[in-house]
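Heads up: the structure comes next, in C-alpha cells.
The values are calculated or read from the model by the stated rules, or taken from the named source; none is laboratory data. It should be emphasised that the depicted structure is a prediction, and the values quoted were computed from it without experimental measurement. Ideal geometry is used to build each Cβ from the backbone, glycine not excepted, and the neighbour counts take in all protein chains shown. Just so you know, the surface numbers come from the protein's heavy atoms only, side chains and all, with ligands and any DNA or RNA stripped out. Shrake-Rupley method; radii C 1.70, N 1.55, O 1.52, S 1.80 Å.
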Amino acid sequence: MQQHFSLAECDVVGFDLDHTLCRYHLPQSARLIYDSFAQYLVTEKGYDEDLLTLAPDSLDFCCKGLVLDIEEGNFLKLAEDGTVLRASHGTKSMTSEEVLEIYGRKEWKHFNTVSGMVSRTAKYYLYDNYFDLPGALLCARVVDSLDQHDGQKKYDFWKDMVAAIQHNYKISAFKENCGMYFPEVKNHPDKYLQRCPESVKKWLKQLKNAGKILLLITSSHSDYCRLLCEHVLGNDFEEYFDILITNALKPGFFSHTPNQRPFRTLENDEEQEALLSLDKPGWYSQGNAIQLYDLLKKMTGKLDPKVVYFGDSMHSDIFPARHYSNWETVFILEELLGDKGIVPAKAESEPLEKKGKYEGDQLKVPCFVSKQWGSFFMDRLPGPENAEETLVPTWSCKCISTYSTIAIPSLEAIADLPLDYRFTRFSTNSSATAGYYPSPPRALLPNEDSVMMK
C-alpha cells in the first residue's frame with residue numbers, strides 16, 4: 001500500500017453527520033443526554049432520585065473506549081492485547097492490586113468478540129461515541145446506588161438502560177416530541193450545536209467543484225438530520241451533497257446485503273416501499289453500501305471508484321467502511337485536541353456575546369483527558385506498588401492505526417489545505433503515529449514523561 005493519501009485521488013467523499021460535519025457543544029449535549037436517560041430511569045423505572053443531580057466534575061468519568069462488564073458492574077480500559085489497564089466498580093476506581101487480583105495479566109474474557117467490533121452483547125457494552133458516553137456515567141452511578149441499597153453482586157439494570165436509550169432516540173421521537181432529547185435540541189439548537197465554520201463550507205464546495213461526488217451517510221432519521229443540517233450548514237444544505245442517506249443504521253449499512261437492508265425513498269420523512277436498486281442521486285433512507293457503490297460506478301464511469309469516508313465512531317463508521325467496503329477512512333477524534341492541550345481555533349475567534357451564554361452549569365467537557373481514566377492513547381500496565389512500570393498503547397489506540405487511513409481532530413483542521421495535500425497514512429510499514437494530523441498525540445511521542453498517565 002502506498003505511503004501517502006490525498007483527497008485529490010478520491011472520486012467520492014462521504015461524511016457522517018453527528019460529531020463529524022455537525023459538532024456539538026459537548027458539556028451541554030452530554031448533560032442533556034445524561035438527564036434524558038436518568039429522567040426515564042427515575043420516573044418510569046423507579047430508580048433513586050439522586051441520579052438526577054450531577055456534580056460539576058462528574059463527567060470526567062466519561063472516557064471513550066471504556067467497556068462496561070454488565071454482570072459485574074465494572075468499567076474497563078483495555079490494552080491493545082486485551083489486558084485490563086484500569087477498572088472501576090461503579091464510579092469507584094479499583095487499585096492496581098484489585099485489577100490484578102480480579103483480571104490478572106491475561107486477555108479479558110470477552111476481548112475476542114469486542115476486538116471483532118461487536119460493541120454490545122448481553123455481557124458487555126462498548127462506549128465509543130459521544131451519544132453513548134454520558135450513559136456510562138449513569139450506569140456507573142446506578143451500580144453505586146444498587147450497591148448502597150441492595151448490596152448486589154450481579155446486576156440486571158441493563159434492560160432498563162436500553163429502554164431509556166430507545167425511548168429518547170427512537171425514530172418517531174422527533175416527530176412525536178417525546179422523550180427529553182429531541183424536544184430540547186429543537187427548542188435550543190444554538191445551545192447544543194456548533195455552526196459549521198466557513199472554512200469547512202468553502203472546502204465542501206471546493207470538493208464538489210473539483211468533480212468529487214459528495215455523500216452524507218448518517219444513522220440519524222431524516223427529520224433530525226434536516227434540523228441539524230439547516231442549523232449548521234444553512235437552508236441550502238442539500239446543495240452540498242449528491243446523495244443523502246439517513247437512518248442508515250450503521251454499521252449494518254456496510255455489512256448487510258441489499259436483501260437485508262434495501263434503500264427506501266422518503267415522503268414527508270416517512271419511509272416508503274423498498275427499492276430494488278439505486279438508480280440516481282437523491283435523498284434516501286436505510287440502504288446498503290453494495291447498491292450505493294453500484295450507483296457510484298455509474299456516476300463516475302469507473303469500475304473501481306475510490307471512496308473516502310469521514311466519521312467519529314470506530315464501531316459504526318471507521319471499522320465497517322474499511323473492513324466491509326475497503327473505503328479509505330478518516331477518523332474524527334476530538335481527543336487529539338485535549339491530548340495536545342491546545343484550544344480549537346474556533347473557540348478563540350467566537351464573538352464575546354456568544355461565549356458564556358450557556359456556561360451556567362460549568363460542567364467540564366467529557367472528552368480529551370479524563371483524570372480518572374488517563375490518556376485515551378497510552379497507559380501504564382498495573383503492577384504491585386514498586387514494580388517497574390511499562391507503558392502500552394490502549395486497545396482504542398491500536399484500532400485507530402489498524403482501521404483509519406488518517407486521524408484528525410476536526411474537519412476544520414484540514415479545510416484550508418490544498419486538495420492534493422499528501423497525508424502520511426497509518427500503515428504497516430510506518431510508525432504508529434504516522435497517520436495523525438496535524439501532529440500525533442503527546443502521549444505517543446517517545447521519551448515524553450507525559451502527565452496524561454497520572
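Key figures
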{"item": "Relative contact order (percent, whole number), the range 26-188, Cα cutoff 8 Å, 6+ residue spacing", "result": "30 percent"}
{"item": "Cut-off under 5 Å, modelled amide H: who pairs with Leu278 long-range", "result": "none"}
{"item": "Contact order normalised by residue count of the range 149-279, Cα under 8 Å, 6+ apart, percent", "result": "17 percent"}
{"item": "Relative contact order (percent, whole number), the chain, Cα cutoff 8 Å, 6+ residue spacing", "result": "23 percent"}
{"item": "Gap separating the Cα centres of the range 370-422 and the range 234-283, nearest whole Å", "result": "33 Å"}
{"item": "Length gained when the stretch Thr257-Asp279 is fully extended (0.36 nm per residue, less Cα-Cα span)", "result": "6.2 nm"}
{"item": "Computed [θ] at 222 nm, helices only, for the chain once each DSSP H run of length n ≥ 4 contributes -39500 (n - 2.57)", "result": "-8500 deg cm²/dmol"}
{"item": "At R0 = 51 Å, FRET efficiency that the Cβ-Cβ distance of Glu44 and Asp236 yields, to 0.05", "result": "0.80"}
{"item": "Inter-label distance, nm, simple model (7 Å from Cα along the C-beta direction), Lys298/Asp190", "result": "4.4 nm"}
{"item": "Cross-link partners of Lys306 among aspartates and glutamates (Cα-Cα below 15 Å; sequence separation of 8 or more within a chain)", "result": "Glu9, Asp11, Asp294, Glu328, Asp420"}
{"item": "Residue-normalised accessible area of the chain, expressed per residue, 1.4 Å probe, Å²", "result": "43 Å²"}
{"item": "Extension gain (nm, one decimal) between Val118 and Glu176, 0.36 nm per residue minus Cα-Cα", "result": "17.7 nm"}
{"item": "Phi-based couplings in Hz for the range 235-247 (Karplus 6.51, -1.76, 1.60; Gly and Pro marked x)", "result": "5, 8, 4, 5, 5, 6, 10, 7, 10, 10, 10, 10, 6"}
{"item": "For Phe15, distant residues with modelled amide H under 5 Å away", "result": "Leu215, Leu216, Ile217, Phe310"}
{"item": "Sorted peptide list for 371-379, 180-188, criterion being average Cβ within 10 angstrom, highest first", "result": "371-379, 180-188"}
{"item": "Of all accessible heavy-atom area on the range 26-188, the percent that carbon and sulfur account for (1.4 Å)", "result": "50 percent"}
{"item": "Area accessible to solvent at Lys201, 1.4 Å probe radius, in Å²", "result": "40 Å²"}
{"item": "Simple spin-label estimate for Asp57 and Ile102 in nanometres, 7 Å along Cα-Cβ", "result": "2.3 nm"}
{"item": "Estimated inter-spin distance, Glu9 and Thr95, nm [label 7 Å along Cα→Cβ]", "result": "5.3 nm"}
{"item": "Chain lengthening between Ser431 and Gln2 when straightened (0.36 nm per residue, less Cα-Cα)", "result": "153.0 nm"}
